[in-house]
Amino acid sequence: MQIKGCVYKFGEDVDTDQIIPARYLNTSDPSELAAHCMEDADPTFAGRVQPDSVMVAGKNFGCGSSREHAPIAIKAAGVSCVIASTFARIFYRNAINIGLPILECPEAAVALQEGDEVKVDIANGLIKNLTHPGEYQAVPFPPFMQKIVSRGGLINYVSERMKDRA
């Protein structure tokens, strides 16, 4: 899977309340969640983000509560990949479970800037900055996790596997 898009950059310790504030957790509608994505970190984000965007952040992205609403909001807003120095473990699993590609790459998280155009090869973990030339290597997901993400999440993956066995 290859992604090409514009970088939207955030800092360190971005918690799930910044990704999708608790006041919006009364819905599970992805488009409603997308409308409020990153609202407390950057009130203009939901209005500016474009399809196939790439979110970049520092360490501990997605810390806080274990809500699946956070990666759903990001994906529904048009973000095709999140790159961070590190991810909170529960966010990491929730992102995979809903089919949101994420890559841990401290070098890229520091070097990439808001507005940079990047090309990301999810399968190989290769991140290329097309604006300010540079390449960064993340550790790619193992093949079984890539299958989950490429199928759009764990439910779709399991569904397909069940059909194959029938």
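FYI, it's all coordinate maths here, none of it is from the lab. None of the values given here were measured: they were computed from a predicted structure. All Cβ positions, glycine included, derive from the backbone under ideal geometry; neighbour counts span all protein chains shown.
Any chance you could get the radius of gyration and Dmax over the Cα atoms of region 1-116, in Å?
12.4, 37
Dipole size in debye (nearest 20) for region 1-72 around its Cα centre, Lys and Arg Cβ +1, Asp and Glu Cβ -1?
Values: 6 positive and 11 negative charges, 49 e Å.
Magnitude of the dipole: close to 240 debye.
For the chain, what is the calculated [θ] at 222 nm in deg cm²/dmol (nearest 500), taking -39500 (n - 2.57) for each run of four or more DSSP H residues and dividing by its residue count? Walk me through the intermediate numbers first.
Working: 8 runs with 59 residues, N = 166.
Here the helix-only value at 222 nm equals -9000 deg cm²/dmol.
At a Cα cut-off below 30 Å, give the lysines reachable from residue 163, other chains included and same-chain residues fewer than 8 away excluded.
Once the sequence-local lysines are set aside, what remains near residue 163 is 75, 147.
Put +1 on the Cβ of each Lys and Arg and -1 on the Cβ of each Asp and Glu in region 1-139; which of 8, 112, 79 then has its Cα farthest toward the positive end of the dipole?
79
Amide H to amide H under 5 Å from residue 134: which residues, 5+ apart in sequence or cross-chain, H placed 1.01 Å off N in plane?
Residues meeting the criterion, in which the H sits 1.01 Å from N, are 129.
Just to be sure I understand the model, the point goes 7 Å from the Cα along the line to the Cβ. What's the resulting residue 162 to residue 40 distance in nm?
3.6 nm
Of the listed peptides 118-129, 26-37, what is their order by residue-averaged count of other C-beta atoms within 10 Å, with the highest listed first? Kindly include the intermediate steps, with their values, before the conclusion.
Working: 118-129: 18.4, 26-37: 15.7.
Per-residue mean Cβ counts within 10 Å order the peptides as 118-129, 26-37.
Would you list 67, 23 from fewest to most Cβ contacts within 10 Å? Numbers along the way, then the final one.
On the way: 67 19, 23 10.
Fewest-to-most ranking of 67, 23: 23, 67.
About its Cα centre, how strong a charge dipole does the chain have in debye, to the nearest 20, once Lys and Arg get +1 and Asp and Glu get -1 at the Cβ? All intermediate terms of the calculation are to be shown ahead of the outcome.
Values: 16 positive and 20 negative charges, 143 e Å.
Charge dipole, the chain, about its Cα centre: 680 debye, nearest 20.
Let's see if you can work this out: charge +1 on each Lys and Arg Cβ, -1 on each Asp and Glu Cβ, no other charges. What is the dipole magnitude of region 83-166 about its Cα centre, in debye to the nearest 20? Walk me through the intermediate numbers first.
Numbers: 9 positive and 9 negative charges, 128 e Å.
With Lys and Arg at +1 and Asp and Glu at -1, about 620 debye.
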